[in-house]
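Presented below is the structure to which this report refers.
Bear in mind these aren't lab numbers, they're just calculated from the coordinates by the rules spelled out. What you are looking at is a predicted structure, and each value in this text was computed from that prediction instead of being measured. Reconstructed Cβ throughout: ideal geometry from the backbone, glycine too, with neighbour counts over all protein chains shown.
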Amino acid sequence: MVSAVFHAPLSPASAAEPDTAPLVRKVASVKPDTVQPVKTASPRMPFDGRTWFMRTVPPLLGLGLLVLLWELVARSTGSGIPAPEETWKAAVELFSDPFYSNGPNDQGIGWNVLSSLQRVGMGFGLAALIGIPVGFAIGRFEFLSRMFNPLISLLRPVSPLAWLPIGLLVFKGANPAAIWTIFICSIWPMIINTAVGVQRVPQDYMNVARVLNLSEWKIATRILLPAVLPYMLTGVRLAVGTAWLVIVAAEMLTGGVGIGFWVWDEWNNLNVAHIIIAIFTIGLVGLLLEFALIKLATAFTYEDVKS
């Protein structure tokens, strides 16, 4: 009797429990390679109207303000400055054939820009080959730092064009003199920034190098170079900007083919529209050089590079 009372409540509960054995066998029989992953849609970033507005509208307003002031000056002063519309027509005609050649003194604006870039590249390349190792040595050894710092402080403030007569005297030619001027104005930023970068390497890194008994070559390539790279690329950016500024003035004085000589030649021809076009061309090329170096610095450094 007790047994009947004890088992009666349990029998309905046990009958209500589902039989999960077939389901377990079915799940176990599924092969792993047949299970398809569930594809989830990647979340779409919401459109940021304020960021788009700040990136597009202010620059367009700035350009519009420049054109408006230019138009007012051209129409009200009577100074002979062509209006924006007239300059635009001259630019369309000029850039329709930028690489024509009618002799050494009559070439398109494209050849002149390429000639200036070639001089800048040669002078800048020589400055990098010499300036960066010298900067490493000055920053690494205190004796060299004390030896060369007075010379750098004395020669760095000198205007690059003051070195042009020395180049003409030594090299006996306008083209090598212009390259020499680019070299002498480009070398100082690279020396100074590289030396400062080496001097700011944490002392813990150098202590580890002493403990591991690393050679000077391994210290320079494994420790100093990665740490100094942001400073070095900053010096490169400053040097390229200075070189592009100086080459225009140097070519005005030396002549030949180049954007600086082209500006001076158009002034002699009283073609003010072409001078304005050359100004915008020089600015655009400098902007592209700066943008390329910012991308290079971003790719090879771990720090944020600001324009």
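Assuming R0 = 45 Å, what is the FRET efficiency of residue 100 and residue 217, from their Cβ-Cβ distance, to the nearest 0.05? It would help to have the intermediate numbers written out before the result.
Numbers: r = 52 Å, r/R0 = 1.14.
The formula returns an efficiency of 0.30 here.
Place +1 on the Cβ of every Lys and Arg and -1 on the Cβ of every Asp and Glu in segment 111-300, take the dipole about the Cα centre, and give the residue among 286, 267, 155 whose Cα lies farthest towards its positive end.
155
How about segment 154-232: which trypsin sites (Lys or Arg not before Pro) there lie in a loop by DSSP and see at most 15 other Cβ atoms within 10 Å? The partial results should precede the final answer.
Numbers: sites: 172, 200, 210, 218, 222; in loops: 172, 200.
Passing both the DSSP loop test and the Cβ count: 172, 200.
Around residue 206, under 15 Å between beta carbons, what's the net of Lys plus Arg minus Asp minus Glu among the other residues?
Values: positive: 140, 200, 210, 218, 222; negative: 142, 204, 216.
Taking every Cβ under 15 Å from that of residue 206, the sum is +2.
With the cut-off at 1.5 for a/c, could you classify segment 111-300 from its C-alpha gyration tensor as rounded, prolate or oblate? Walk me through the numbers on the way to the answer.
Values: a/c = 3.24, a/b = 2.03, b/c = 1.60.
Note, shape of segment 111-300 comes out prolate.
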